[in-house]
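*Asks:* Here it is, the structure, as structure tokens.
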Amino acid sequence: MIPEKALLVTIEHALGTLPYPQSPSSLYEPVAYTLDGGGKRLRPLLALMTAAALGADPATALHQAVAMEMFHNFTLIHDDVMDRSATRHGRPSVYASRGAVQAILSGDALLSMAVSELAAEAGDRLAAALDLFGRVSQGVYQGQQYDMEFEERADVTLAEYMHMIELKTSVLIGGSCAMGALMAGAGADVQTAMYDYGVALGLAFQLRDDWLDTYGDPAVFGKPIGGDIANGKKTWLHLRACELDPAAMASATAITDRDARIEAVRAVYDRLGIGDLCTQACDSLSEQAVGSLAAAGLTEEYAEWFAALARRLATRDR
């Protein structure tokens, strides 16, 4: 089995040696800055590991794996503009350091570079790769639109939230797995099985993120706890609590003082056992991801790696 660390080194090298046009440097410097910002590199890792698990040389899917990571970073640049976020991965965001106009334009350049990277050495799988990329990217845009609309609605349901995060977060993770299978020459049934694995994995990942924002250790999580509550964000915890005790949540979220609101909402969560319910949902989704692997026909060694990853991400502390 190819070690995870070796694939991550390969990914970082590929990202660090991408060719850039020489000018205008002001357009491409924010792109290089963004791609150098780190992150888990989950999406390209899943693409390469899927290809390897299906008996292919991971290099067969390297350009496409890198393209998925480039697309992910493009969405982050634009997300920071929409959210007016000052930081990203512990550094000033492109939006904060270079302004909204530059962030939008450099993000557009990164998207175009991602498409070019996707097409590199794709051979007779180019049309299928472009089709998959198009469907995934469209899903991400739809999810972002829903997310923005939910900010203005007081009647968002838990089912709507799950659909939104599936589009905004999970389809790209699922698509990365499917891309690895596609480039390895796997059939449609295997591509679907790996896509389903990635979607369930992405849902568990996002729910765990929701949990960490309320119950994580700020020293480990890397940012202050309670930001979602303070900002009135409709997370899984918020919506589940609204289902169980809407009156208590209405009272707690009406508090204007930031710290008092966090304390009051957290008290409602604790009384209703929302933290435990969210943890159970994460565990259920991770096991759903593991169950999808049966139809992929992976070797036992690789199946164990994918199963361990699903369980690890569903219980992560950062």
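The values are calculated or read from the model by the stated rules, or taken from the named source; none is laboratory data. Predicted, not measured: the structure shown is a model, and the values here were computed from it. All Cβ positions, glycine included, derive from the backbone under ideal geometry; neighbour counts span all protein chains shown. The area values use the complete protein model at the heavy-atom level, side chains included, leaving out ligands, DNA and RNA. Shrake-Rupley method; radii C 1.70, N 1.55, O 1.52, S 1.80 Å.
*Asks:* Among the residues of region 266-276, is there at least one that is in contact with a Gly (Cβ under 7 Å, 6 or more places away or on another chain) and either open to solvent by less than 40 Å² (accessible area, probe 1.4 Å) or among the charged types (D, E, K, R) (or both)? Please lay out each step first, then the result.
*Replies:* Step one: list which residues in region 266-276 are in contact with a Gly (Cβ under 7 Å, 6 or more places away or on another chain), which gives 269.
So of that shortlist, the ones also either open to solvent by less than 40 Å² (accessible area, probe 1.4 Å) or among the charged types (D, E, K, R) (or both) come out as 269.
Yes, the conditions are met somewhere in region 266-276.
*Asks:* Within region 222-234, can one find any residue that is within 29 Å of LEU46 (Cα to Cα), open to solvent by less than 30 Å² (accessible area, probe 1.4 Å) and touching a residue at least 40 places away in the same chain (Cβ under 8 Å)?
*Replies:* no
Let's see how each residue does on (1) β-branched (Val, Ile, Thr); (2) in contact with a Lys or Arg (Cβ under 6 Å, 6 or more places away or on another chain); (3) on the phi < 0 side of the Ramachandran plot; (4) at pLDDT 95 or above:
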| position | (1), (2), (3), (4) |
| --- | --- |
| ARG41 | no, no, no, yes |
| MET49 | no, no, yes, yes |
| VAL66 | yes, no, yes, yes |
| MET70 | no, no, yes, yes |
| PHE74 | no, no, yes, yes |
| GLY90 | no, no, no, no |
| VAL94 | yes, no, yes, yes |
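*Asks:* I need the helices (runs of 4 or more DSSP H) fully contained in region 1-109, keeping only those with at least 2 residues that are in contact with a helix residue (DSSP H, G or I) (Cβ under 8 Å, 6 or more places away or on another chain), free of Cβ contacts under 8 Å to residues at least 24 places away in the same chain and over 24 Å from LEU203 (Cα atoms).
*Replies:* Values: elements: 4-16, 25-35, 42-53, 62-83, 94-98.
Output list reads 94-98.
*Asks:* For region 288-301, state whether one or more residues are of a type in the set (Gly, Ala, Ser), under 30 Å from PRO3 (Cα atoms) and open to solvent by less than 20 Å² (accessible area, probe 1.4 Å). Reasoning before the result, please.
*Replies:* If we filter region 288-301 for residues that are of a type in the set (Gly, Ala, Ser), which is where we start, we get 289, 291-292, 294-297.
When the remaining residues are screened for being under 30 Å from PRO3 (Cα atoms), the result is 289, 291-292, 294-297.
Restricting the remaining residues to those that are open to solvent by less than 20 Å² (accessible area, probe 1.4 Å) gives 289, 296.
Among the residues of region 288-301, at least one is of a type in the set (Gly, Ala, Ser), under 30 Å from PRO3 (Cα atoms) and open to solvent by less than 20 Å² (accessible area, probe 1.4 Å), which makes the answer yes.
Table: residues versus (1) over 14 Å from the mean Cα position of the chain (by Cα); (2) surrounded by 24 or more Cβ atoms within 10 Å (Cβ to Cβ); (3) more than 16 Å from ASP317 (Cβ to Cβ).
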| site | (1), (2), (3) |
| --- | --- |
| LEU167 | no, no, yes |
| GLY175 | no, yes, yes |
| GLY187 | yes, no, yes |
| ASP196 | yes, no, yes |
| LEU201 | no, yes, yes |
| ALA204 | no, yes, no |
| TYR215 | yes, no, no |
| PRO218 | yes, no, no |
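*Asks:* In region 304-317, which residue that is of a type in the set (Gly, Ala, Ser) and open to solvent by less than 30 Å² (accessible area, probe 1.4 Å) is farthest from GLY185 (Cα to Cα)?
*Replies:* ALA314
*Asks:* Related question: Kindly list, by first and then second residue, each pair from a residue in region 243-254 that is more than 15 Å from GLY232 (Cβ to Cβ) to a residue that is hydrophobic (A, V, I, L, M, F, W, C) and part of a helix (DSSP H, G or I), limited to pairs with Cβ atoms under 7 Å and residues at least 6 apart or on different chains.
*Replies:* GLU243/LEU158; LEU244/LEU272; ASP245/VAL268; ASP245/LEU272; ALA248/VAL268
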